[in-house]
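Please read the structure below before turning to the comments.
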Amino acid sequence: MLELNSITKIYNPGTVTEMCLFQDFNLQINDGQFLSIVGSNGSGKTSLLNIICGSIPIENGDVIINGKNIARLKDYQRYSRIGRVYQNPAMGTCPHLTILENMSLADNKGRRFNLSSGINKNRKSYYQEQLATLGLGIENKMDIKVGLLSGGQRQALALIMTTLTPIEFLILDEHTAALDPNTAEIIMKLTDQVVKSKKLTAMMVTHNLRYAANYGNRLIMMNRGQIVLDRAENEKAQTSVDDLLTMFNAISIECGN
């Protein structure tokens with residue numbers, strides 16, 4: 001379970017541009033939930049992910065994963081429990097290393113470095129099995145440098161790498177936004193497949209309302225650092241894209257857009 005308790009986040013404190021985004025913000029995500037988050041620019045979606053991952057500091061509050069408060073841990077310390085797939089496919093992989101080398105790096109996450117080889121060739125068949133589940137054929141290109149792959153292939157590889165070692169929480173940071181429509185559809189289906197097969201608790205920020213409506217078992221809409229819609233299970237399943245659009249339009253009118 002992930003809990004955000006009494007989170008306060010102020011940008012540029014003490015300056016003329018000071019802005020309080022979150023004030024005593026609370027959110028609880030139960031184990032096994034696949035949460036989609038939507039909202040306009042500036043609503044707090046990305047800031048929420050960055051607070052969970054430790055990319056930005058907070059003024060007050062607790063970030064608790066399965067009973068342990070990680071609010072004071074550095075970002076790299078949190079990644080032993082959290083996996084993150086970024087919007088840019090290049091951020092989750094090393095372009096000048098081969099697929100095998102990238103998979104080996106991901107497999108060694110959290111282990112101590114020493115003078116032994118970083119590649120365990122005995123694990124190659126296991127890596128290929130994991131990649132074969134994607135159905136993209138990259139399991140047969142283990143010695144190809146990742147920089148030669150397409151954006152969709154790299155994002156699919158990043159998804160597998162992120163979940164290669166046991167994690168407690170998967171962060172999907174607009175991970176289809178930089179892809180063409182057809183590739184984005186493939187990555188979303190693969191994402192759903194990975195989350196379900198590995199029984200992950202996941203959190204996805206997306207601007208695609210159809211993805212938010214069609215994937216996952218819980219959906220929240222944010223506006224100005226607050227949750228203005230929260231639907232789960234059956235109620236979420238009955239939420240259509242038109243419902244979300246209607247609410248977006250109402251918020252836009254309220255904000256004078």
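The values are calculated or read from the model by the stated rules, or taken from the named source; none is laboratory data. A quick note: this is a predicted structure, and the numbers were derived from the prediction, not measured. Note that we place each Cβ from the backbone using ideal geometry, even for glycine, and neighbour counts take in every protein chain shown. The accessibility values were calculated without ligands, DNA or RNA, using every heavy atom of the protein model including side chains. Shrake-Rupley method; radii C 1.70, N 1.55, O 1.52, S 1.80 Å.
General remarks:
- Test: residue in the stretch 47-59 that is more than 19 Å from the chain's Cα centre (by Cα) and either of a type outside the set (D, E) or more than 26 Å from Y211 (Cα to Cα) (or both): yes
- Residue count for the stretch 80-98 under the criterion of being at pLDDT 90 or above and in contact with a strand residue (DSSP E or B) (Cβ under 8 Å, 6 or more places away or on another chain): the result is 10.
- Count of residues meeting criterion [assigned to a strand (DSSP E or B) and either polar (S, T, N, Q) or surrounded by fewer than 20 Cβ atoms within 10 Å (Cβ to Cβ) (or both)] in the stretch 193-222: 1
- Subset of the stretch 22-61 that is in a strand (DSSP E or B) and open to solvent by 60 Å² or more (accessible area, probe 1.4 Å) - its residue that is farthest from A232 (Cα to Cα): N60
Yes or no, residue by residue, for (1) over 26 Å from E174 (Cβ atoms); (2) free of Cβ contacts under 8 Å to residues at least 40 places away in the same chain; (3) not charged (D, E, K, R):
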residue	(1), (2), (3)
L97	no, no, yes
K124	yes, yes, no
K141	yes, no, no
V146	no, no, yes
Q155	no, no, yes
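- Of the helices (runs of 4 or more DSSP H) lying entirely inside the stretch 90-187, the ones with 3 or more residues being open to solvent by 60 Å² or more (accessible area, probe 1.4 Å) are found at 124-132.
- Checking I160, I167, I138 one by one, the residue that is in contact with a strand residue (DSSP E or B) (Cβ under 6 Å, 6 or more places away or on another chain) and at pLDDT below 95 is I167 and no other.
- Some residue of the stretch 241-253 being without any contact (Cβ under 8 Å) to a residue 12 or more places away in the chain, open to solvent by less than 60 Å² (accessible area, probe 1.4 Å) and not acidic (D, E): yes
- Any hit, the stretch 117-125, residues being of a type outside the set (K, R), closer than 23 Å to V195 by Cα and touching an Asp or Glu at 6+ places or on another chain (Cβ under 9 Å): no
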